[in-house]
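Structure first, commentary second.
The values are calculated or read from the model by the stated rules, or taken from the named source; none is laboratory data. What you see is a predicted model; the values in this text were computed from it and never measured. Don't worry about glycine lacking a Cβ; one is built from the backbone with ideal geometry, like all the others, and counts go over all protein chains shown. Accessible surface areas use protein heavy atoms only, side chains included; no ligands, DNA or RNA. Shrake-Rupley method; radii C 1.70, N 1.55, O 1.52, S 1.80 Å.
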Amino acid sequence: MASLIPIARPREFEDLALAFAKRVSSDMVHDSNGVLYSFKVTLLFASMRDALTSAMNDFARERNARLPVNKLPPEVLLLVGSFLPYGALDAAAQTCRRWCTILRSDASLWADIVLDFDGPGSWRSTTQNALERCHGKPRSLDIRFSFSWYEISAVCALISESSTMQHLDHFGLWLCKGIAEKYWHPLLTSPAPALRTLLVGTISNDIPPPLLPANLFAGNCPKLYSIWLSNVLVTNPLTPMPQVLDFAFLDFQDAPITEVSAVLDACPNLVSLTVDASESCSDYIPPLFVPRPIPFLRLGFWVPYGILHELVQASSSNCELRIRKSGIVQLPLTGFRRIERVHVLFDDAGAGTASLIVQGDDNCVKSVEEMSFRKLVDLFSDGSALRLCNMTHLSLPDSMWAILLSTTFLDGDVVCLQSLTVGLSNKLLELPGPFPRLFTSSEHSTRANNIRVPIVRLSAWGSSDPVDLSIEAVAAWLPTSTTRLLLSGVNLTGSKSAMPDSIIVEKEFPWSSGGNERYLQWRPAWYAEFPRSEALVV
């Protein structure tokens, strides 16, 4: 029996069965060329193979039933499956028959489809299986065509001709070079009454930007409120979409100025606009263009002319302006009646870049990201710092504060703050960088005598690990006007008697930022990436 197990080599198994049949079947007539009545041998071979397969399956089933993981109740296994990304869920369903049966019994587990077509294969059958698993009612669908293959037309036709688009809440489509618009345009012209978010992009911004169809979803997308395009252009004029509140142009080489104008005309209720491009050199302003304020305006590159400049000028109050790169250092400090809050954020001292976030009394927030740290220090050190004298809240890394102590920023009039937050990080403390550090030497622990601030917060930024500081160093640095010291993820070590009795030391749990988490956890959404780690790769 041991010789019959390797059925992966069918020719050897057939020869063995034939020899066995010749020995045990005396009534069979055969010659030198083989058995005359070969159908008998075929039947014998089939019966032996079926018996062996059945025995092996019984053995595997009995063995798997004894494993601890297979003793989990079905509801527990379904709960585990709900945390798995789509590709991992598909792999889990192939583990054994029990897992396959249980996991595929709940269609909602398979409703968030993520497919990455990365090479030649059975694209259509994979898509068909994915739709059948969720009973043809997917919640979201992300498809990436990383390879140009003839089955792309079959995949797009399968989706567009079925009721798939009728049920989608989110649709993401990623295209490679060489895919004709006639194949994927039907996906975006089918009615999508439940769709809320749309993301269309190319896998590389070196590809010439494709063009969206003019009549998106045949005008039947009443719930669509967010459209993100990564190196993809819109048709001008664009079909009116008053329901769209968020529009983003990402990863462009040149700013799509004409398309921005078309979007502003088609989306009169736009709340958020993102334009991310390597360059914005066009001074084109469409005829009869009237800029209107955009509450959330994000510009990857800004210059003081053209349509983008007009939008910045119009959004002077009750707005949030984020600029990733700017040649004008003074920009974040302009356009305010009075500056109230200033936040400086950076992740790595060795990188030499930071983000400056400024909030005024008219509820307007301006920020410049990827800003040179040295330019930022110069901004605080020159005459522009006079505009900061009336601010009430200041948040900055300890390196920044150490540098300011050695400049003229604090040599002028008394600065009166309501709160001062100093960010600390174990990573920054351990890695040598080009900037001085606070609390690491007596020089940088010098007290600022002309600052008045009742509340000082020492906060661990960018890490959940607590930061340990010496009580003596902190006490030597604290302004004399401070009455409360808040510790967010910071531990004080040393003699408690070194801290003046007039200062109340409090722990903040969970670690907070005095209501300023919106700024201290600032993370730009400048890129739209396909969730490759979650995908089922074909």
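Just a few scattered comments:
- Matching entry among Asp90, Asp118 (being within 30 Å of Phe530 (Cα to Cα) and modelled with pLDDT of 90 or more): Asp90
- Summed over region 195-209, residues that are under 15 Å from Leu141 (Cα atoms) and open to solvent by 10 Å² or more (accessible area, probe 1.4 Å) total 3.
- Checked against (1) surrounded by fewer than 17 Cβ atoms within 10 Å (Cβ to Cβ); (2) in contact with a Leu (Cβ under 7 Å, 6 or more places away or on another chain); (3) among the β-branched types (Val, Ile, Thr), Ile285 passes all but condition (2).
- Cross-chain or 6+ apart pairs with Cβ under 8 Å, region 109-123 first and crowded, with 19+ Cβ neighbours inside 10 Å, then among the acidic types (Asp, Glu): Ile113/Asp142; Val114/Asp142; Val114/Glu534; Leu115/Asp142; Trp123/Glu151
- Within region 67-76, if we keep just the residues that are loosely packed, with under 14 Cβ neighbours inside 10 Å and either among the polar types (S, T, N, Q) or in a loop (DSSP other than H, G, I, E, B) (or both), the residue that is farthest from the chain's Cα centre (by Cα) turns out to be Leu67.
- When Ala214, Ala255, Ala248 are checked against the criterion of being crowded, with 20+ Cβ neighbours inside 10 Å, free of Cβ contacts under 8 Å to residues at least 60 places away in the same chain and not β-branched (Val, Ile, Thr), a single residue qualifies: Ala255.
- Where a residue in region 497-508 is under 14 Å from Thr483 (Cα atoms) and of a type in the set (Lys, Arg) and its partner, wherever it lies, is modelled with pLDDT under 90 and not in a strand (DSSP E or B), with Cβ under 8 Å and at least six apart: none
- Count of region 374-396 residues which are touching a Ser or Thr at 6+ places or on another chain (Cβ under 8 Å) and modelled with pLDDT of 75 or more: 5
- Exactly one residue among Ala248, Ala277, Ala218, Ala194 is on the phi < 0 side of the Ramachandran plot, outside any strand (DSSP E or B) and of a type in the set (Gly, Ala, Ser), and that residue is Ala194.
- Count - residues of region 482-506 that are touching an Asp or Glu at 6+ places or on another chain (Cβ under 6 Å) and over 14 Å from Leu469 (Cα atoms): 0
- Pairing each residue of region 169-194 that is over 22 Å from Arg139 (Cβ atoms) and open to solvent by less than 20 Å² (accessible area, probe 1.4 Å) with any residue that is β-branched (Val, Ile, Thr) and outside any loop (DSSP other than H, G, I, E, B), provided the two are 6+ apart or on different chains, yields C-beta distances under 9 Å for Leu175/Val200; Leu175/Thr202; Cys176/Thr202.
- Residues within region 117-154 that are among the acidic types (Asp, Glu) and closer than 22 Å to Arg196 by Cα, tallied: 1
- Residue in region 77-86 that is small (Gly, Ala, Ser), free of Cβ contacts under 8 Å to residues at least 12 places away in the same chain and either out of contact with any Leu (no Cβ under 8 Å at 6 or more places or on another chain) or open to solvent by less than 10 Å² (accessible area, probe 1.4 Å) (or both) present: no
- Of all residues in region 107-135, those satisfying the criterion of being within 27 Å of the chain's Cα centre (by Cα) and assigned to a loop (DSSP other than H, G, I, E, B) are Ala111, Asp118, Gly119, Cys134.
- Residues satisfying the criterion are absent from region 354-373 (criterion: out of contact with any Cys (no Cβ under 7 Å at 6 or more places or on another chain), of a type in the set (Phe, Trp, Tyr), at pLDDT below 70 and not in a strand (DSSP E or B)).
- Enumeration of residues in region 99-108 that are closer than 29 Å to Ser153 by Cβ and open to solvent by less than 30 Å² (accessible area, probe 1.4 Å): Ala107
- For Leu417, the conditions (1) surrounded by 15 or more Cβ atoms within 10 Å (Cβ to Cβ); (2) modelled with pLDDT under 75 are fulfilled apart from (2).
- Some residue of region 308-321 being modelled with pLDDT of 75 or more, assigned to a strand (DSSP E or B) and open to solvent by less than 20 Å² (accessible area, probe 1.4 Å): yes
- Of the helices (runs of 4 or more DSSP H) lying entirely inside region 421-538, the ones with 1 or more residues being modelled with pLDDT under 75 and open to solvent by 40 Å² or more (accessible area, probe 1.4 Å) are found at 426-430, 517-520.
- Neighbours by Cβ (under 6 Å, 6+ apart or cross-chain): first from region 135-155, modelled with pLDDT under 90 and charged (D, E, K, R); second assigned to a helix (DSSP H, G or I) and surrounded by fewer than 17 Cβ atoms within 10 Å (Cβ to Cβ): Glu151/Arg124
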